[in-house]
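What follows is calculated from the coordinates using simple rules that are stated; it is not laboratory data. Being a predicted model, the structure only gives us computed values, none of them experimental. When we count neighbours, we look across all protein chains shown, and the Cβ atoms used for this are built from the backbone with ideal geometry, even at glycine.
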Amino acid sequence: MGRGKIEIKKIENPTNRQVTYSKRRTGIMKKAKELTVLCDAEVSLIMFSSTGKFSEYCSPLSDTKTIFDRYQQVSGINLWSAQYEKMQNTLNHLREINQNLRREIRQRMGEDLDSLGIHELRGLEQNLDEALKVVRHRKYHVITTQTDTYKKKLKNSNEAHKNLLHELEMKDEHPVYGFVDDDPSNYAGALALANGASHMYAFRVQPSQPNLHRMGFGSHDLRLA
């Protein structure tokens with residue numbers, strides 16, 4: 001029993017329409033390949049589905065552009081003139097925009113002002129004033145941010161300075177540990193460090209009570225940076 005004839009009209013169901021397109025696309029691609037092999041023909045096939053999906057086939061020994069060029073020669077129809085004209089119009093439009101931007105830049109630099117009237121000069125002046133306000137606002141914001149950062153760093157430095165002085169004063173309040181006077185310059189160096197010096201000084205502390213020696217408290221090195 002043979003298949004019934006299918007009425008040729010648009011398939012309303014989107015799913016069925018896509019399935020039918022996929023099947024028939026495969027079939028027409030197969031026929032184009034067979035035609036190329038059996039008849040030594042140059043075939044170019046281009047298809048777009050209703051969803052915009054692109055499919056094409058071209059004979060192995062040719063390409064689509066070559067076939068289009070031959071079509072133009074035979075039919076006398078220029079396929080590229082409309083596209084070339086469109087591209088030329090786009091290029092001219094971009095050139096005009098570029099020229100306008102360059103002229104605007106020169107005018108903002110105080111050049112090429114002879115062609116401007118009083119209204120145009122006033123508009124340019126207003127634009128420059130607004131731009132100047134924005135630049136100044138940004139400058140003050142940067143200055144304020146940097147100032148706050150420097151204040152925080154100064155505060156941290158002062159706190160570190162006070163803590164170091166406090167640690168040095170603890171020597172007098174707790175006589176169990178003391179600085180060894182092997183090098184008198186060490187204590188002076190510690191004071192210099194507390195006052196903001198950036199050098200490293202080494203100290204060796206040892207218990208000042210004899211009974212602490214017997215308890216296992218030996219001398220220790222202390223380095224301040």
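Just to confirm a number: summing +1 for Lys and Arg and -1 for Asp and Glu over residues other than residue 39 whose beta-carbon lies under 15 angstrom from that of residue 39, what do you get? Around residue 39, the charge tally is 0. Stretching residue 90 away from residue 134 to a fully extended chain increases their span by 12.4 nm, per 0.36 nm per residue minus the current alpha-carbon distance. Across the range 15-59, the convex hull enclosing all Cα atoms gives 47 Å³ per residue. Set the Förster radius R0 to 45 Å, insert the Cβ-Cβ distance between residue 127 and residue 78 as r into 1/(1 + (r/R0)^6), and round the FRET efficiency to 0.05. Computed FRET efficiency for residue 127 and residue 78: 0.45. Cross-link partners of residue 23 among lysines, defined as those whose alpha carbon lies under 19 angstrom from its own and excluding same-chain residues fewer than eight positions apart: 5, 9, 10, 31, 33, 53.
Counting charges near residue 114 (Lys, Arg +1; Asp, Glu -1) among other residues having Cβ under 14 Å from its Cβ returns a value of -1. Here the range 26-64 is scanned for amide nitrogen atoms under 14 Å from the site 7 Å beyond the Cα of residue 11 along Cα-to-Cβ, giving 26-28, 49-51. Between residue 98 and residue 146, the FRET efficiency estimated from the beta carbon spacing at R0 = 35 angstrom works out to 0.35.
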